[in-house]
Amino acid sequence: MDFIEEIKRRRTFGIISHPDAGKTTLTEKLLLFGGAIQEAGAVKSNKIKKGATSDFMEIERQRGISVATSVLAFVYKDKKINILDTPGHKDFSEDTFRTLTAVDSVIVVIDVAKGVEEQTEKLVEVCRMRKIPIIVFINKLDREGKDAFDLMDEVEQKLGLRVTPLSIPIGMGYDFKGIYNIWEKNIQLFQDESKQIIGKKQKFKSLDAPELVAEIGTTGLINLKDELELIEGVYPPFDQQEYLDGTLQPVLFGSALNNFGVQELLNCFIEIAPEPLAKESDIRLVKPDDKKFAGFVFKIHANMDPKHRDRLAFIKIVSGTFERNTPYHHVRLNKKLKFSSPNAFFAEKKQIVDISYPGDIVGIHDTGNFKIGDTLTSGDILQFKGIPSFSPEHFRFINNNDPLKSKQLAKGINQLMDEGVAQLFTLDLNGRKVIGTVGALQFEVIQYRLLHEYGAKCSFENLNVYKACWVEAKSESTNFNEFQRIKQKFLAKDKSGKLVFLADSAFSLQMTQEKFKEVKFHYTSEY
Ligand code: G4P
């Protein structure tokens, strides 16, 4: 197979959802169809279970699982499919945001009874901003839930999407009989009463098949015809280009647990989902079919064994081929590196590969050369855009509890920040270090890992910060200089040396903005 064919057969995507909507179950079913696993239950959930064990033990367990499920690759109908795993827990949403920089499309899973939930809103907003093509999968149709049309309204309103159904359920919950597949123009009915077993599917080519009335009844058929008429009248027809542009989102219904509508989703996905896309860099758009290799690090995973402090850096290949034992240019460090054992992922296993193509992810053992956002190339010196840091939600001073271990602490903090566990801000005034995180759980992770992996004891001290705002201003502006003088106490540098204003309340941020009109504040580091 030549280079272009290899690119064209790849589909790299992420599944996003609010916890419990069915992401793990759906992933597993997709792998089953791809023949990558043989039985359900093989994919372990990466979510943090509440209660049972202490949080950090749970995090360790979860870290183990998420190495295995970071990338799940399989081949289906000759397409090479790469699913990038995204953590469901909201305290890890920054990880998910970063993973979204490496996907070419997403599938959003929504629970039919719960509808659009908080975490889904946040994640879809990021996808919308980036114009990532989205397919919506409404799950758990075997349970009582919201009316399909009400739910599609909710998706449009809460997620700001423009949807068009590609399938429609026939009944729901106890009465869930099957699905009319608008995309394939056929009907599939359950044949198992309990709906817990994958019953044989019965396919009908048209609505007028006499056996269909026998199955869903005259009223059922009339309802279905009415609904299809409504869909035709109300929703825009599916247009692949609009979907690819991120302006139209197809919706499919099913039940992951019962394997209903899953293969249909997969069939539809491989036909419409984008091939590896071009990515913007600081100097030009990098196209997958560029002959020279370029890729970037979107995730770093620390070794769970504290004795071997190597890490796995995940690189998304944007253009060219990535080959084993070939020197590549590490742009930030301005040095050449070669890798003797790059890992590719297949289902839940990793194996050393000689060559990888655009769309693929390779895992590289790293001893501290990489941080998130780093670019590797074999051609032009360029830096990929689009891996911003977002303002954290929680801020605490970090204190060293063992003066003899200050080196270890500094090293540990540095490495954890490179991994993207949290963000570090250093106060201009006195050099004190502030850790910012998305969720309170990360402070436990940091404390635990600093102790177990670096032997450094630390404690945290509360700090009242509302938001970290990246500051944009012209250095010669007197208004900016005045701002720096008056707000000195609240100014800090992020890890790359960018100026950040740590606003203590929404009100003070607003007042500051009004007073210093020549200074712009941004909630993300890339503006
Ligand atoms: P997540 O990764 O999005 O967090 O969700 P996950 O797949 O773990 O699913 C959450 C729960 O919802 C699981 O039940 C799962 O079995 C159930 N589920 C997933 N898809 C369907 C579906 O189509 N219909 C129904 N009725 N349930 C579904 P659990 O009891 O939390 O876990 P488990 O003990 O079954 O593993």
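Looking across the stretch 411-428 at every residue that is polar (S, T, N, Q) and part of a helix (DSSP H, G or I), the one that is least open to solvent (accessible area, probe 1.4 Å) is identified as Q415. Each residue in the stretch 139-166 was checked for being more than 16 Å from the ligand (Cβ to nearest atom), in contact (Cβ under 8 Å) with a residue 24 or more places away in the chain and under 21 Å from K122 (Cβ atoms), and 9 of them qualify. Output yes when any residue across the stretch 85-92 is touching a residue at least 40 places away in the same chain (Cβ under 8 Å), open to solvent by less than 10 Å² (accessible area, probe 1.4 Å) and farther than 22 Å from E28 by Cβ, and no when none is. Taking every residue of the stretch 85-92 in turn, none turns out to be touching a residue at least 40 places away in the same chain (Cβ under 8 Å), open to solvent by less than 10 Å² (accessible area, probe 1.4 Å) and farther than 22 Å from E28 by Cβ.
Candidates are the residues of the stretch 221-258 that are surrounded by 20 or more Cβ atoms within 10 Å (Cβ to Cβ) and among the polar types (S, T, N, Q); the one that is farthest from the ligand (Cβ to nearest atom) is Q249.
For A36, all conditions in the list (1) away from the ligand (no atom under 15 Å from the Cβ); (2) open to solvent by less than 30 Å² (accessible area, probe 1.4 Å); (3) modelled with pLDDT of 75 or more hold save one; what is the number of the exception? It is condition (3) that A36 fails.
To keep it simple, each residue is scored yes or no on (1) assigned by TED's automatic domain parsing to the domain that holds L312; (2) modelled with pLDDT under 90; (3) within 27 Å of I372 (Cβ to Cβ).
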position: A410; (1), (2), (3): no, no, yes
position: Q415; (1), (2), (3): no, yes, yes
position: E419; (1), (2), (3): no, yes, yes
position: Q447; (1), (2), (3): no, no, yes
position: H452; (1), (2), (3): no, yes, yes
position: N464; (1), (2), (3): no, no, no
position: E472; (1), (2), (3): no, no, yes
position: K498; (1), (2), (3): no, no, yes
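Residues in the stretch 425-449 that are in contact (Cβ under 8 Å) with a residue 12 or more places away in the chain and over 21 Å from P87 (Cβ atoms): F425, T426, L427, D428, L429, R432, K433, V434. Within the stretch 93-128, the residues that satisfy the criterion of being within 13 Å of the ligand (Cβ to nearest atom) and either assigned to a loop (DSSP other than H, G, I, E, B) or crowded, with 20+ Cβ neighbours inside 10 Å (or both) are T96, I107, V108, V109, I110, D111, V112, A113, K114, E117, T120, L123.
The values are calculated or read from the model by the stated rules, or taken from the named source; none is laboratory data. Small disclaimer: the values here were computed from a predicted structure and weren't measured. All Cβ positions, glycine included, derive from the backbone under ideal geometry; neighbour counts span all protein chains shown. Calculation scope for accessible area: heavy atoms of the full protein, side chains included, ligands and nucleic acids excluded. Shrake-Rupley method; radii C 1.70, N 1.55, O 1.52, S 1.80 Å.
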